[in-house]
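**Student:** Pasting a structure below so you can have a look.
Every number in this text was worked out from the coordinates using simple rules, so none of it is lab data. Predicted model only: the values in this text are computed from it and were never measured. Cβ coordinates were reconstructed from backbone atoms using ideal geometry, including for glycine residues, and neighbour counts include every protein chain displayed.
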Amino acid sequence: MTYFPAQVYGPMAAYRVGHMAETAARGPLPRSDAEPVEEETGEVRRSVCLYTRSANPSGMGRHMLDLVRGLAGRMDVTVLCRTSDRARWLFEEAAALGARTVALPGPHDPAYPDVVSGFLAAHPVDVFHCHAGWGWEDPDGLRLARSAGVPAVLITHHLPFLIQQRAKAEKLLKNTSFAHWRIAVSQGLRDTYTARGVSRQRFVTVPNGVAPRRDAPGRAAARAALGLQPEDLVVISTGRLTLMKGQCYLIEAAAVLKSRYPRLQVVILGEGDLRSDLESLVIERGLAGAVHLPGHRDDARMLLDAADVFALPSRCEGMPLALLEAMEAGLPVVATRVIGSSELVVHGKTGLLVPTESAQQLAAALAQLLGDAHKRAAYGDAGRRRYLDEFTDECMIARTHAVYDTALGARSMVR
C-alpha cells in the first residue's frame, strides 16, 4: 500500500483519502493496537517503520532496502521516505519488495508533522527506525515517534559527527536525543558521537553488510562491457562524484602511474555534481584514454569483475558499502585511512591503507598491487573470507533485529 501526501497531490489530500477517513470512522487507535500479532504458528510478528528524510539516500537507502528484504519475513515493514528525484528509487524499490510505503513531504512543507503523526496513529508500530547521514536530515521524526508512543525508537547514524558550528551541533544532539537506542555503522563513527557527550549506553555498533552477487559475469564479460582489453591493468572505483569521495586523488594517482604502467585503465563508476570538474582534470593530465567516467551503472557491482584492484580514496566515510562490495567480489583494495574503511581493510592482508588527500601515497600503494599478481590474489581471497565471516547482509540484518528485540525487551521491563 502506498500513500502520496502533500507534494504530490496537494497538502494532505491523498493521505486523508488513503486512511484518515478510515481512522475517523473507528476513532483514534490506542497504543494497545501496536501489541505484536500472534500468528497461527504461535510466533509473534512485530512491525517496524524504516524512516529517512534524506533527499539523496544513496548507500543509506541501499542499506534500508537490505533491511526490508531481510525483515519482511519476520516483521510487517513500512518505509517512510521522500519521493524527490534522487530518493524516488528507494520509495519504488521498497514498494516492489512488498513494504508499505509512505511519501514524506519536502523539508519545508508544513504538512510533514501531520503525515508522520497521522500515519503512526493509523498504523501503530513496535519499532520506529530512523536512518540519517550527517544528521540534519531529520529534525522531527524521532520526536514525533516518541510523542506517538512507539515502544522502541531507534536511529542509525551512517556518517560521523563532523559538525563544528556549536549551535548546529547542539541542535543535532537535541534532535537525536529522542531515540531510545542508537546504532552506529562503525566503531569509529560511534566514537565521534560519544566524544560529543552522547552516552555509550543504549548505543551499539552494527556494521554494514551487503548481499552476495548473483550470476557474476566474470572477467572477460565485465571487461567487454566496459570496452577494456584482456591485457589491461584495471583499477575500479565506485561512488558518487563528490568531494567526500576524493576521486580527484585517484585521477592524480593515475597520472603518476601511467608512464610506469602503460596498460593502466582507471574506471570511476558513479554520478554526481563533480562530473565536469573530474572530466576537466582527466583532460588536463592527459589521461583521456586511461581514465574513464561511464556515469551511474545499475550493473556496477557486476562490473567489478573487470578489476585487478579496487580503490576508494574517500576523505570521509561511515562504513562504505563500496568496499564491502569489492571484498565480496574478491578484489584487493586500496583505501584511505578514514572511519569505516580502516575497520574493513586489514592493512597488509586484505588491502592497503593510505592517508587521505595524498595522490602520491595512493599511487605508491596501487603500484604495490599492480606489480604483484600474487599479492593481489592473496589480498582478494583474504578480503572475501573476511566479508563472508563478518559483513554479509544476513549478519547485518540479524544484528539489527537483535537490537530491536533488546530495545523492546528493555521497554517492557520498565513499564
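**Student:** How do 328, 92 line up, fewest other C-beta atoms within 10 Å first?
**Tutor:** Details: 328 23, 92 13.
Fewest to most other Cβ atoms nearby, the residues stand as 92, 328.
**Student:** Moving on. If you take the charge dipole of region 202-346 about its Cα centre, with +1 on Lys and Arg Cβ and -1 on Asp and Glu Cβ, which of 254, 218, 302 is farthest toward its positive end?
**Tutor:** 254
**Student:** For a paramagnetic label modelled at 7 Å from the Cα of residue 273 toward its Cβ, which residues of region 105-121 fall within the zone defined by backbone nitrogen distances under 20 Å?
**Tutor:** 106-108
**Student:** Just to be sure I understand: of the beta bridges DSSP finds with both ends in the chain, what percent are antiparallel, rounded to 5?
**Tutor:** Numbers: 2 of 51 bridges.
Around 5 percent of the beta bridges assigned by DSSP in the chain are antiparallel ones.
**Student:** Also, quick follow-up: Quickly estimate the mean residue ellipticity at 222 nm for the chain, helices only: each DSSP H run with n ≥ 4 gives -39500 (n - 2.57), and the total goes over all residues, rounded to 500. Before the final figure, lay out the partial values.
**Tutor:** On the way: 17 runs with 167 residues, N = 415.
It comes out at -11500 deg cm²/dmol, rounded to the nearest 500.
**Student:** Using the beta-carbon distance between residue 243 and residue 214 and R0 = 41 Å, what value does 1/(1 + (r/R0)^6) give for FRET efficiency, to the nearest 0.05?
**Tutor:** Details: r = 34 Å, r/R0 = 0.82.
My answer for the efficiency is 0.75.
**Student:** Using θ = phi - 60° and the Karplus form 6.51 cos²θ - 1.76 cosθ + 1.60, what ³J(HN,Hα) does each residue of region 102-111 get, whole Hz, x for Gly and Pro?
**Tutor:** 10, 7, 7, x, x, x, 10, 7, x, 7
**Student:** Now for a different question. Just rank 63, 129, 401, fewest to most, by other beta-carbon atoms within 10 angstrom. Spell out each step's value before the answer.
**Tutor:** Working: 63 25, 129 28, 401 19.
Listed from fewest to most nearby Cβ atoms, that is 401, 63, 129.
**Student:** How far apart, in nm, are the 7 Å Cα→Cβ label points at residue 405 and residue 231?
**Tutor:** It works out to 5.7 nm between the two label points.
**Student:** Cut-off under 19 Å on the C-alpha distance; same-chain residues fewer than 8 positions from residue 375 excluded. Which lysines are left, in chain and number order?
**Tutor:** Reachable lysines: 349.
**Student:** Could you work out how far apart the two model spin labels at residue 368 and residue 390 are, taking each label as a point 7 Å from the Cα in the direction of the beta carbon, and quote it in nm?
**Tutor:** For residue 368 paired with residue 390, the spin-label model returns 1.8 nm.
**Student:** At 7 Å along Cα-to-Cβ for each site, give me the label-to-label distance between residue 381 and residue 288 in nm.
**Tutor:** About 4.3 nm separates the two model spin labels.
**Student:** Okay, next question. Express in nm, to one decimal, how much length is gained between residue 72 and residue 95 on full extension, taking 0.36 nm for each residue of separation and deducting their alpha carbon distance. Walk me through the numbers before you get to the answer.
**Tutor:** Values: separation 23, 0.36 × 23 = 8.28 nm, distance 1.16 nm.
Result: 7.1 nm gained on full extension.
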